[in-house]
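Just so you know, all these numbers are worked out from the coordinates, no wet-lab data involved. Worth saying up front: this structure is predicted, and the values here are computed from it rather than measured. Note that each Cβ is placed from the backbone with ideal geometry, even for glycine, and that neighbours are counted across all protein chains shown.
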Amino acid sequence: MNRPSHNLQLRRSGILLHPTSLPSGILDGDVDRWLQMMADTGFTVWQVLPLGEPQSGLSPYQCSSAFAFNPALLREFPGIDESDDDFISFCAKQQFWLDDYVLFKILKQHFNDVAWIEWPEQWKSRDPETLQQSRKEYEKNIAELKWQQYQLHKRWYEIREMASSMGILLFGDMPIFIGHDSADVWSHPEWFRLDSDGNMKVVSGVPPDYFSETGQRWGNPHYDWDAMREDGFSWWKSRIHHHLELFDFVRIDHFRGLEASWVIDASCETAVDGQWQKMPGDELLSVIKSSIEKCYDQLPFVAEDLGIITPEVTALRKKYHLPGMSILQFGFDEFDDSPHKTKNIKEDTVVYTGTHDNDTTKGWFNSLEEHVKNHVLEVLNLPSAIDSFDVDDQETDGFDADPSGCWYDNIDVADLVVERLVDNAMHSHANICIIPVQDCLHLGSDARMNTPGTITGNWQWQFQWEQIEHQHDSSRMKKMLQRNENTHRFICSDN
C-alpha cells in the first residue's frame, strides 16, 4: 500500500487526541469511526501520546517498558494460538525486548508489585539460573503476555494501514527518558547511572519555568552515555526502529535533553538544585540517521523544543532538519521575538494552540486576570464583550462570521479567542498545524488532559460522540472545519 508522503515540509493539519480520550478509551472501540471523521473533515495527521503501559497512575510518560503497548488499550484478547505463524514471527522479531518485558511483568506481580530494586537479590541482579527457572515456572503466563503484545501490535498495524488508506499520517510521541522501575532498566542497568545496588544516583527533570516555580523532578534515571556508546547505541537504534514501525513520524519529547540535561541529585526532593550537563545528542542523531537513511530522505522526527532553549539546542535541531514546536498560548508575553507569536513562526515548525500539558484554550483564557484577558483580546483584534461584536461585519481581520449568524448564538468571548487562535495556527507559516480536540470542541478546563507537577486528576478525560455529532453535524467542531474548509484543503495538499 502506498503511504502518504512523510515529507515534513508539506503543509498539513491534524488533531491531537490520545486513544484513551476516545469514548471507549481503547483501540478496538472507536478508532475506525474516529479516522473516518478525520478523513471526512480534511485532517491528515493524528497525533497521539506515548502508547506504553504506565508504571503507576495513568501517565504515559512513565512506562514499564520503552517498547510494550499498554494492555488496557484493548478490551479483551482472544485465546492463545501458539502455533500461529504470525505470532511466532512476532515473538522472534521482538525478542530483544519482549522476553525481558513479560518476565518483568510476571515477577512484579509475584513480588506484590514492589519495584524491582526491592526484589530478592537473585531476581534483582538477574541470576541466569534463577531467571531460567522462573521462565519454566511461568511458561503459561509468559505465553499469555506475549500474546497480548502480539494482539496490541497487530491492531495498531491495522490502524496504521487504515489511516494510510485515508491519507492520514500517524504522529507518535517518544519520551526521552524512561522509568526506573521498568523492564529496560532492570534488564540493562549498565546503561543507566545507577549505584551498585541499582539505585539512581541522579534523576531527570527541568529547572523552574512557566509551569512550576520549583521546576519538575521527573525522577527518571539518566543514561550512562559512555556505556551506550560502547554498545553502539543499540538500545536507542532499536527503540527508534520500533517507533517508526508504529508511526509515520515521531515527536522526541524534551529534545533539548539530547544536547544538555538537567541533572538532579537523587536525594533532592525538588528540581531547584539541579545542573545542566552536556549530552552526546549530535553523536546519537548521527548514528540514528545512518541506521535509517535507506528508508527516509530526512529524519522523521519533531523536536519538542519548549522551555529553556539555548542556541546550541537550536543548532542541533537545525543540523538534522527537525521541525520545532510553537504554542500560541505562550505568545502573549512582552518578548517581541518569542517563537510562539504567530508572526515569528517559521515553516520548520509544528504549531499548536496548546498541548496535553496546557489547559484547554478556553480554560486558559478564562483563568487569566482581567488585564491579561484584555491584552489577549487586543492582540487578537477581538472585542472585549460579545455585545460589541457585529456578526455581519466582514472586516474582522480574517475571522469570517457565518452569514446566517447562527454560529454566534450564545457564543462568549472565550469562544472567540479559541476560534481566533485556531485560525491563526492554521494560517501561520508552520508546515504542520495540530489542534487538540478539546479546542476543536471549545471545551473548558474540565477537559484538560494533564497539569504538569501534579499527580492526581490527570490523563482521564474522554470526549463523547454527541459533542462532535450533536444534532446532525451542528457541533462546534464541524462548523469550525466548514468555516476553514479552503484553508484545510490547502494545508492538507501534497502539492
Sites ARG75 and ASP446, calculated FRET efficiency, Cβ-Cβ separation with R0 30 Å, nearest 0.05: 0.70
Eligible lysines near LYS346 by straight Cα distance, threshold 25 Å, same-chain separation 8 or greater: LYS289, LYS318, LYS319
Which is the longest stretch in the chain that no exposed loop site breaks, taking sites as GluC sites (Glu not before Pro) with a DSSP loop state and at most 11 other Cβ atoms within 10 Å? 83-212
What fraction, in whole percent, of alpha-carbon pairs in segment 179-328 exceed 23 Å separation? 40 percent
Run the numbers for LEU368 and ILE309: contour at 0.36 nm per residue of separation, minus the present Cα-Cα distance, in nm. 18.7 nm
Taking the Kirkwood radius as the inverse of the mean 1/r across Cα pairs, report the Rg/Rh of segment 57-110. 0.98
Percent of Cα pairs exceeding the 20 Å cut-off, where the set is segment 1-152: 61 percent
Straight-line reach from LYS278: which aspartates and glutamates have a Cα under 14 Å away, not including same-chain ones fewer than 8 places off? ASP224, ASP226, GLU259, GLU312
Yeah, segment 144-223 with a ≥ b ≥ c from its alpha-carbon gyration tensor (a/c under 1.5 is rounded, else prolate when a/b outruns b/c, oblate otherwise) is oblate
Where the centre of each part is set by its Cα atoms, how far does segment 323-344 sit from segment 105-153, in angstrom? 47 Å
If I model a spin label at THR130 and HIS110 as a point 7 Å from the Cα along the Cα→Cβ vector, what separation in nanometres do I get? 1.0 nm
Between VAL302 and residues 5 or more places away or on another chain, which pairs have amide H atoms under 5 Å apart, with H built 1.01 Å from N, and which residues are they? VAL250, ARG251, ILE252
Would you please give the FRET efficiency between TRP465 and SER165, computed as 1/(1 + (r/R0)^6) with r the Cβ-Cβ distance and R0 = 22 Å, to the nearest 0.05? 0.50
May I ask you to list the residues of segment 55-94 whose amide nitrogen lies under 14 Å from a point 7 Å from Cα along the Cα→beta-carbon direction of LYS140? 80
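Please quote Rg/Rh for segment 100-188 to two decimal places, taking the Kirkwood radius as Rh and restricting both calculations to Cα atoms.
1.10
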Please give the calculated 222 nm ellipticity per residue for the chain, where each DSSP H segment of at least 4 residues contributes -39500 (n - 2.57) and the sum is spread over every residue; nearest 500 deg cm²/dmol? -10500 deg cm²/dmol
How high is the FRET efficiency between TYR296 and LYS346 when r is their beta carbon distance and R₀ equals 22 Å, given to the nearest 0.05? 0.50
Each label point is 7 Å from the Cα along the Cα-to-Cβ direction; what then is the distance between the points at LYS154 and HIS375, in nm? 5.6 nm
If you project the alpha carbons of the chain onto the principal axes, what extent comes out on each, in Å, largest first? 79, 51, 43
Tell me, how many Å apart are the Cα centres for segment 49-101 and for segment 245-265? 22 Å
If you stretched the chain out fully between SER24 and THR214, how much longer would it get, using 0.36 nm times the residue separation minus the C-alpha to C-alpha distance? 64.7 nm
Mean separation of Cα contacts under 8 Å (6+ apart) over length of the chain, as relative contact order %: 18 percent
Alpha-carbon radius of gyration plus Dmax, which is the widest Cα pair, for segment 233-303 in Å: 14.7, 45
Where a ≥ b ≥ c are root eigenvalues of the Cα gyration tensor, a/c under 1.5 meaning rounded, otherwise prolate if a/b exceeds b/c and oblate otherwise, segment 328-384 counts as oblate
